[in-house]
């Protein structure tokens, strides 16, 4: 996948493939809702963000995240959700980029998922101007930690098998 | 081949346990007596929780709020994601929010809003 003669081209191609993949995963994500936990998503699209961050670096990971958020909200026709997904996605990638040198992939992924959920909680508080939404935060932390662990594990397997 | 270490598991479990403790502490709240319905941050109406009723609110989308057996919930919404339809509240300071419509329902305690934590 990484041809030696033109690394930049292969990076851009991989970036484009990952954009498409993350868009599909985020559509699958929005189709799956977990019973008893309204608004909680699996977060499988974050596998791509994590993979891109490790393989391509911060810049490409951010590009993929923005493309995914904009395209997904255009496809679903729900522009209110753009603010939620962009804020969560960008914040989590920045945090993951900060901690990835010091922590393992799974810890990075858990922290990214927590940042994503907390950011979305914060945006919900701002948009609806109800501080009571913050009572949902413990639940967001629990599901974020579990989902982050699983996605980090998947990404760890992917990174070691796809060369 | 092992793809995760013990410290990864401890890290995740510690966060989950911490959040569960906070969640349990928050659930020791008393049952409220009234609900306040807000639209775009402005208070629209305050309704008693002990009387079964419905209240219709028209913003960008339409929500119907239902009070039944001391619980308040959104019983109808034509917003796109319909997350608000799944929750129901009765405890002080808990709330249901329809984000696309900027509508929130908050349960008030005996003396109106006390101190808000968080």
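Structural remarks
- Counting Cβ atoms of other protein chains within 10 Å of each Cβ in A:67-75 and taking the mean gives 0.
- Annotation: the residues A:135, B:55, sorted from fewest to most other C-beta atoms within 10 Å of their own C-beta, follow the order B:55, A:135.
- Whether the range A:14-139 is rounded, prolate or oblate, judged on the alpha carbon gyration tensor where a/c under 1.5 counts as rounded: oblate
- Order of B:106, B:12 under a 10 Å beta carbon neighbour criterion, fewest first: B:12, B:106
- Once the Cα atoms are used to define both axes, helix B:6-26 deviates from the longest principal axis of chain B by about 30 degrees.
- Global geometry of the protein assembly as shown, whether rounded, prolate or oblate, following the gyration tensor of its Cα atoms and the 1.5 cut on a/c: prolate
- Comparing Cα centroids, the range B:1-54 and the range A:138-163 end up 23 angstrom apart.
- For chain A, the longest principal axis of the alpha carbon atoms and the long axis of helix A:105-128 meet at an angle near 40°.
- Mean ellipticity per residue at 222 nm, deg cm²/dmol - from DSSP H runs of n ≥ 4 across chain A, formula -39500 (n - 2.57): -26000 deg cm²/dmol
- Highest mean first, the peptides A:112-119, B:64-71, B:85-92 sorted by other C-beta atoms within 10 Å per residue fall in the order A:112-119, B:85-92, B:64-71.
- Shape category assigned to chain B from the gyration tensor of Cα positions, a/c cut at 1.5: prolate
- Compared with the dominant Cα axis of chain A, that is its longest principal axis, helix A:7-31 is turned about 30°.
- Among the residues of B:84-90, the average count of other protein chain beta-carbon atoms within 10 Å of the residue beta-carbon is 2.
None of the figures in this text is laboratory data; all of them are computed from the coordinates on show. The structure presented is a predicted model; accordingly, all values stated were derived computationally and were not measured. All Cβ positions, glycine included, derive from the backbone under ideal geometry; neighbour counts span all protein chains shown.
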